[in-house]
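Report on the following structure.
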Amino acid sequence: MSPQQVERLRKRAARQRLFIVRLGVVGAGVLAAWAVLTGVAGSQLLAIENIEVTGNDRLSAADVTALAALPEGATLLRFDAPRVEERLMESPWIAAVTLHRQPPSTLRIAVIERVPVAMVDTGMSFWYVDGDARVLTESVPATVTVLPVIRDLPDFAAEPGLRSASKALRNALAVLRGLSAELAGTVRVVTAPSINETALVTSGNVEIMIGEAVRLDEKSLLVEDIVDERGEQVVFIDVRSVERPISRGLGQ
């Protein structure tokens, strides 16, 4: 073997020894990090001592904390976050939730709540519903609200957390959503025994037959023009046909 070959073998052996040493150092570091993390996760070093709730309005911070149901001894590194989120999402009021860990001891729960747009009167109870016809929760009898009340629904079932399949309710909500802001602000009651018979009652006690939630821009404008023209004398308006609107005044 030539001196050059001997030198190459020597250098190769040196590189191999260096690689093995480095590998050992890396392995030892990984093991040490794993041991530290395992020890921290298994200790109370990052124990959750504070829970901050943001984005809540209808639900209190105590309500949200109770729904989260963090187990005793939970730490920022040791709790089942997906299960906590799942429990929170079981509330009909919560549309979305995000958990934020804030060392050394705070868990922040950020929620987005659903917004009620009306109350449904079943004749026996009142129920909040959002714009997607999702039933939120029952209202207490003494509730004072500026939300419009929807009545006479023939196909409504109160199932908290679920979207109602009631076609009459969905049409009524679409009507409220599509009216002009000026007209919508006066609506106090919606009666909806059927889609075609959907009617509004305003704060001025004007009954407006609105029907199906179509051509609502035109229907709103017609109603506003009739009210402007006839003033307090008008008590009934029918704009189900925008080509042939009908109105009646007192004594007619």
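The values are calculated or read from the model by the stated rules, or taken from the named source; none is laboratory data. All of these numbers come straight from a predicted model, not from anything done at the bench. Neighbour counts are summed over all protein chains in view; Cβ atoms, including those assigned to glycine, are modelled from backbone coordinates with ideal geometry.
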Among residues of the stretch 94-118 being crowded, with 20+ Cβ neighbours inside 10 Å and more than 15 Å from the chain's Cα centre (by Cα), the residue nearest to D57 (Cα to Cα) is A118
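So that you can scan it fast, the table gives a plain yes or no per residue for (1) modelled with pLDDT of 95 or more; (2) in the same structural domain as T202 (by TED's automatic domain parsing):
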{"position": "A66", "(1), (2)": "yes, no"}
{"position": "E72", "(1), (2)": "no, no"}
{"position": "A81", "(1), (2)": "no, no"}
{"position": "E85", "(1), (2)": "yes, no"}
{"position": "M89", "(1), (2)": "yes, no"}
{"position": "A95", "(1), (2)": "yes, no"}
{"position": "I109", "(1), (2)": "yes, no"}
{"position": "A133", "(1), (2)": "yes, yes"}
{"position": "P141", "(1), (2)": "no, yes"}
Within the stretch 130-160, of all residues that are surrounded by 12 or more Cβ atoms within 10 Å (Cβ to Cβ) and of a type in the set (V, I, T), the one nearest to R188 (Cα to Cα) is V149
List the helices (runs of 4 or more DSSP H) that sit entirely inside the stretch 161-252 and contain at least 3 residues that are among the hydrophobic types (A, V, I, L, M, F, W, C) and crowded, with 18+ Cβ neighbours inside 10 Å.
-> 167-178, 216-230
